[in-house]
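Enquirer: To start, I am sharing the structure in question, which I have written as structure tokens.
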Amino acid sequence: ELKVEQNPLFLSMQEGKNYTIYCNYSTTSDRLYWYRQDPGKSLESLFVLLSNGAVKQEGRLMASLDTKARLSTLHITAAVHDLSATYFCAARKGNQFYFGTGTSLTVIP
Amino acid sequence: NAGVTQTPKFQVLKTGQSMTLQCAQDMNHEYMSWYRQDPGMGLRLIHYSVGAGITDQGEVPNGYNVSRSTTEDFPLRLLSAAPSQTSVYFCASSYSPRNTEAFFGQGTRLTVV
């Protein structure tokens, strides 16, 4: 079984600030996924990271993957209120996906 | 394009009752899966399917059955509902389990009393 840990679990940040969410996983996985979930809503795909060293950016969000360290990061640049949501990472092992517990992000005006 | 459609959105069951959660996708995706989401635990995989006629167990399969008779549909059956199955259930599909993103349904909020 693959364990996925996210840090922090809760994050409150001011608009305009930068911050990073960390996702560690316990065993080999060469695919890492990031999703966003708004309260009471479904999950929306943000990034699929396919290989070691992969970096993807969309707007104020940038995700990276280090398979040797078993670590993925989601960096938030100059946060805005619209980014308030819960962010999940998920790692793949075979045909199964293992999710982290999520990071609840609140951006304060 | 409807994407992934789940029904019902809300359901209340009595302990011991059975029911089926429906999931349908219109994207010709091979891979479909069911998750449950509980507070503080993220999403946990219940069952998955890599194609019509092929299903397998995920992390938390006990108390649930699935079948995949067509590419489009992947119903989840609760055999005898228990309060521990109170949760939000999500169905997801993707073109393949390897390199592509998953598309999630809107979820079913199930309460077992």
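Enquirer: Using θ = phi - 60° and the Karplus relation 6.51 cos²θ - 1.76 cosθ + 1.60, list the HN-Hα couplings for the stretch A:19-32 in order, rounded to whole Hz, with x at every Gly or Pro.
Expert: Residue by residue, the stretch A:19-32 yields 7, 10, 9, 10, 9, 10, 10, 8, 9, 4, 8, 10, 9, 10 Hz.
Enquirer: Taking the Cα centre of each part, how many Å lie between the stretch B:87-102 and the stretch B:60-81?
Expert: The distance from the Cα centre of the stretch B:87-102 to that of the stretch B:60-81 comes to 15 Å.
Enquirer: Now for a separate question. So what is the relative contact order of chain B, in percent, for Cα pairs below 8 Å that sit 6 or more residues apart? Display every interim value, and only then the final one.
Expert: Details: 301 pairs, mean separation 40.2, N = 113.
Relative contact order comes out at 36 percent.
Enquirer: Under 5 Å between amide H atoms, partner at least 5 residues away or on a different chain: which partners does A:ALA54 have, H built in plane at 1.01 Å?
Expert: A:LEU65
Enquirer: Now for a different question. Counting alpha carbon pairs within less than 8 Å and at least 6 residues apart, what relative contact order, in whole percent, applies to the stretch A:1-63? Before the final figure, lay out the partial values.
Expert: Values: 62 pairs, mean separation 14.7, N = 63.
Computed over the stretch A:1-63, the figure is 23 percent.
Enquirer: Counting other C-beta atoms within 10 Å, which of B:ASP38, A:ASP38 has the fewest, and how do the rest follow?
Expert: Numbers: B:ASP38 14, A:ASP38 11.
With the fewest neighbours first, B:ASP38, A:ASP38 line up as A:ASP38, B:ASP38.
Enquirer: Order these by the 10 Å Cβ neighbour count, fewest first: A:HIS75, A:HIS81.
Expert: Working: A:HIS75 15, A:HIS81 10.
Ascending number of Cβ neighbours within 10 Å: A:HIS81, A:HIS75.
Enquirer: In whole Hz, what ³J(HN,Hα) sequence does the stretch B:33-42 give by Karplus (6.51, -1.76, 1.60; θ = phi - 60°), x for Gly and Pro?
Expert: 8, 10, 10, 10, 10, 10, x, x, 10, x
Enquirer: From the phi angles alone, apply the Karplus equation (6.51, -1.76, 1.60; θ = phi - 60°) to the stretch B:102-113 and give each ³J(HN,Hα) in whole Hz, x where the residue is Gly or Pro.
Expert: Each residue of the stretch B:102-113 in turn: 9, 10, 9, x, 7, x, 10, 8, 10, 10, 10, 10 Hz.
Enquirer: If I take every Cα pair under 8 Å that is 6 or more residues apart in chain A, average their sequence separation and divide by the length, what percent do I get for the relative contact order? Before the final figure, lay out the partial values.
Expert: On the way: 279 pairs, mean separation 40.6, N = 109.
About 37 percent, as a whole number.
Enquirer: What list do you get for B:VAL4, B:VAL112 if you sort them by fewest beta carbons within 10 Å? Show your work: numbers first, answer last.
Expert: Numbers: B:VAL4 23, B:VAL112 19.
If I rank by nearby Cβ atoms, fewest first, I get B:VAL112, B:VAL4.
Enquirer: Can you give me the Cα centroid spacing of the stretch A:49-109 and the stretch B:1-34 in angstrom?
Expert: Cα centres, the stretch A:49-109 to the stretch B:1-34: 27 Å.
Enquirer: Exceeding 28 Å between C-alpha atoms, which entries from my cross-link table qualify? They are A:LYS93/B:LYS9; A:LYS93/B:LYS14; A:LYS56/A:LYS93; A:LYS17/A:LYS93; A:LYS3/B:LYS9; A:LYS56/B:LYS9. Display every interim value, and only then the final one.
Expert: On the way: A:LYS93/B:LYS9 30 Å; A:LYS93/B:LYS14 36 Å; A:LYS56/A:LYS93 21 Å; A:LYS17/A:LYS93 34 Å; A:LYS3/B:LYS9 30 Å; A:LYS56/B:LYS9 34 Å.
Where the Cα-Cα span goes over 28 Å, the pairs concerned are A:LYS93/B:LYS9; A:LYS93/B:LYS14; A:LYS17/A:LYS93; A:LYS3/B:LYS9; A:LYS56/B:LYS9.
Enquirer: Still on this structure: In the Gaussian network model of chain B, springs joining C-alpha atoms below 10 Å, which of B:GLU72, B:GLU59, B:GLU30 carries the largest mean-square fluctuation?
Expert: In the Gaussian network model the winner is B:GLU59.
Enquirer: Moving to a separate point now. Within 10 Å, at most 16 other Cβ atoms, and a DSSP state outside H, G, I, E, B define an exposed site. Report the longest part of chain A free of exposed trypsin sites (Lys or Arg not before Pro). Numbers along the way, then the final one.
Expert: Details: sites that count: A:LYS3, A:LYS17, A:LYS41, A:ARG60, A:LYS68.
Within chain A, the longest run free of exposed trypsin sites (Lys or Arg not before Pro) spans A:69-109.
Enquirer: Which residue fluctuates most in the GNM of chain A (Cα springs below 10 Å): A:GLN37, A:GLN96, A:GLN14?
Expert: Between A:GLN37, A:GLN96, A:GLN14, it is A:GLN96 that shows the largest mean-square fluctuation.
None of the figures in this text is laboratory data; all of them are computed from the coordinates on show. Since this is a predicted model, take the numbers as computed values, not measurements. Neighbour counts run over all protein chains shown; Cβ positions are idealised from the backbone, glycine included.
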